[in-house]
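*Asks:* Right, I'll just put the structure down here and ask away after.
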Amino acid sequence: MTNAPLKVIVTRRLPEPVETRMRELFDVELNETDEKMDAAALVDAVKRADILVPTLGDVIDQKLLAHAGKNLRLIANYGAGFDHIDVQTALQRGIMVSNTPGVLTDDTADMTMAMILAVPRRLREGTVLMQRGEWQGWSPTALMGHRITGKRLGILGMGRIGQAVARRAKAFGLQVHYHNRRRLHLDTEAALEATYWESLDQMLARVDILSIHCPHTPGTFHLLNARRLKLMKPTSFIINTARGEIVDENALTRMLRSGELAGAGLDVFEHGNDINPRLKGLDNVLLLPHMGSATVEGRIEMGEKVIINIKTFADGHRPPDQVVPSML
Ligand code: DGY
């Protein structure tokens, strides 16, 4: 490692304090326009950078990595999820990958809870009525939703965010159930008063609300396919603040339209911002533009993590948030 400042290329605009700190520390190229880099711009970036700071939406695949210059040694992702990065290929080429876990846990869990409350209580329909000026005043039978207290919440993926949702759900009187690759330590399970299901299928058939918190990997792609969605009760709701690819969006849309599922709160979609148009018109669906982690505090802390990962790497150590093969 020489003393020359590291060339860091950032693909999108980051919060101002993060960009300023990066400018102080590194030879950084920022994206002033915030326009998503096209394939050619990404190729140019991986050819010239010592460190690339991409984020969700930048596809860092084998094809792109084939253009990487020999100086590219770290991909310091701005974000916790790294399913847009071919980590295996990066590692084979001697390029480390890091991410920003932990700092967006509470914000994402809060947003999940907001949807768990909003969808069964029909908040979307209520706000639309008010915005259109169509409210005729209180009535005993208008906009009746469903009570949260006492319902069963199934959490798919009981990592940091799943557990943060479980803690909140418990305070709202929900019965927490979960499915995870590995069962939690029994003390943790007891503290959350959570019921473990080894079989996802069995859990799906029993819960009133399902909330998704597992990562998107080849193994979880369409984990909620048409067959599994059909196991759920027609009175049940689905909340997804994780990744759209985990759910078969077309099957979900069909079932929401036909009343085979009661409603959904979706912050993420199978094809990014190219959303199934039939989802948009549904009263029982709350759609959000992937804003689960969108707080000023969280986004600055994500940037601070990126900086720590780069600094630690530059000092000759492994970045604290290195993505390792066991995480794939
Ligand atoms: C992430 O960091 O992967 C989140 O999805 C952003 O909200």
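*Asks:* As an exercise, take the mean of 1/r over every pair of distinct alpha carbons in region 206-281, invert it, and state the Kirkwood radius in angstroms.
*Replies:* 12.3 Å
*Asks:* I've got another one for you. Would you compute the Debye intensity of region 153-232 from its alpha-carbon atoms alone, equal scatterers and no solvent, and pass along log10 I(q)/I(0) at q = 0.11, 0.18, 0.20 Å⁻¹ to two decimals?
*Replies:* The Debye formula, applied to the Cα set alone, gives -0.25, -0.69, -0.84.
*Asks:* Okay, moving on. In which sequence would 222, 317 go, from the one with the fewest C-beta neighbours within 10 Å to the one with the most?
*Replies:* 317, 222
*Asks:* Taking the Cβ of each residue in 74, 231 as the centre, tally the other Cβ atoms inside 10 Å and list the residues starting with the fewest.
*Replies:* With the fewest neighbours first, 74, 231 line up as 231, 74.
*Asks:* Suppose we look only past 23 Å in the calculated P(r) of region 162-315. What percent of the Cα-Cα pairs does that tail hold?
*Replies:* 45 percent
*Asks:* Just to be sure I follow the definition: excluding the sites themselves, where is the longest run in the chain that has none of the chymotrypsin sites (Phe, Trp or Tyr not before Pro) in a DSSP loop with at most 16 other Cβ atoms within 10 Å?
*Replies:* With chymotrypsin sites (Phe, Trp or Tyr not before Pro) excluded where exposed in loops, the chain gives 1-134 as its longest stretch.
*Asks:* When only DSSP loop residues count, what trypsin sites (Lys or Arg not before Pro) in region 144-244 have their Cβ near at most 11 other Cβ atoms within 10 Å?
*Replies:* Answer by residue number: 147, 181, 182.
*Asks:* Could you tell me the largest-minus-smallest coordinate of the C-alpha atoms of region 1-154 on each of the three principal axes, in descending order and whole angstroms?
*Replies:* 72, 33, 28
*Asks:* Using the basic label-point model (7 angstrom from Cα toward the beta carbon), what is the residue 172 to residue 278 distance in nanometres?
*Replies:* Taking the two extended label points, one gets 2.8 nm.
*Asks:* Turning to a different aspect of this structure: Which GluC sites (Glu not before Pro) in region 112-202 pass both tests, a DSSP loop state and at most 12 other beta-carbon atoms within 10 Å?
*Replies:* 134, 193, 198
*Asks:* State to the nearest 20 debye the size of the charge dipole of the chain about its Cα centre, where the only charges are +1 on K and R beta carbons and -1 on D and E beta carbons.
*Replies:* The dipole magnitude comes to about 920 debye.
*Asks:* With a sphere of radius 9 Å drawn around the Cβ of residue 128, what net charge do the other residues whose Cβ falls strictly inside it have (Lys, Arg +1; Asp, Glu -1)?
*Replies:* Net local charge, residue 128 excluded: -1.
*Asks:* Taking the number of other C-beta atoms within 10 Å as the exposure measure, put 84, 185, 67 in order starting with the fewest.
*Replies:* Fewest-to-most ranking of 84, 185, 67: 185, 67, 84.
*Asks:* Given a cut-off of under 8 Å on Cα pairs at least six residues apart, what relative contact order in percent is computed for the chain?
*Replies:* Dividing the mean separation by the residue count of the chain yields 17 percent.
*Asks:* For each pair in 47/70; 151/233; 170/230; 7/47, compute the distance between the two Cα atoms and list the pairs where it is over 19 Å.
*Replies:* Going by Cα-Cα distance, 170/230 fall outside the 19 Å limit.
*Asks:* Stretch residue 16-residue 254 to full length: gain in nm at 0.36 nm per residue minus the Cα-Cα span?
*Replies:* Full extension of this stretch gives 81.4 nm more.
*Asks:* Are there any trypsin sites (Lys or Arg not before Pro) in region 31-125 that are in a DSSP loop and have at most 11 other Cβ atoms within 10 Å? List them by number.
*Replies:* Filter output for region 31-125: 70.
*Asks:* Could you give the alpha-carbon Rg of region 240-327 over 2.2 N^0.38 Å, rounded to two decimals?
*Replies:* It is 1.52.
*Asks:* Is the chain best put as rounded, prolate or oblate by its Cα gyration tensor, with a ≥ b ≥ c the root eigenvalues, rounded for a/c under 1.5, and otherwise prolate when a/b is larger than b/c, oblate when not?
*Replies:* prolate
*Asks:* What Kirkwood hydrodynamic radius do you get for region 220-261 when you take the inverse of the mean 1/r over all pairs of distinct Cα atoms, in Å?
*Replies:* Value: 10.3 Å, from the Cα pair sum.
*Asks:* In whole Å, how far is the Cα centre of region 112-138 from that of region 28-62?
*Replies:* Their Cα centres are 40 Å away from one another.
*Asks:* For residue 280, list the aspartates and glutamates whose Cα falls under 17 Å from its own Cα; do not include residues on the same chain fewer than 8 positions away.
*Replies:* Result set, ordered by chain and number: 125, 248, 249, 267, 270.
*Asks:* Moving on to the next point. How big is D for region 85-238, in µm² s⁻¹ as a whole number, if Stokes-Einstein is applied with the Kirkwood radius of its Cα pairs at 25 °C and 0.890 mPa s?
*Replies:* 139 µm²/s
Where a number appears in this text, it was derived from the coordinates with a stated rule and is not lab data. Predicted model, so just to flag it, every value in this text is computed and none were measured. Note that each Cβ is placed from the backbone with ideal geometry, even for glycine, and that neighbours are counted across all protein chains shown.
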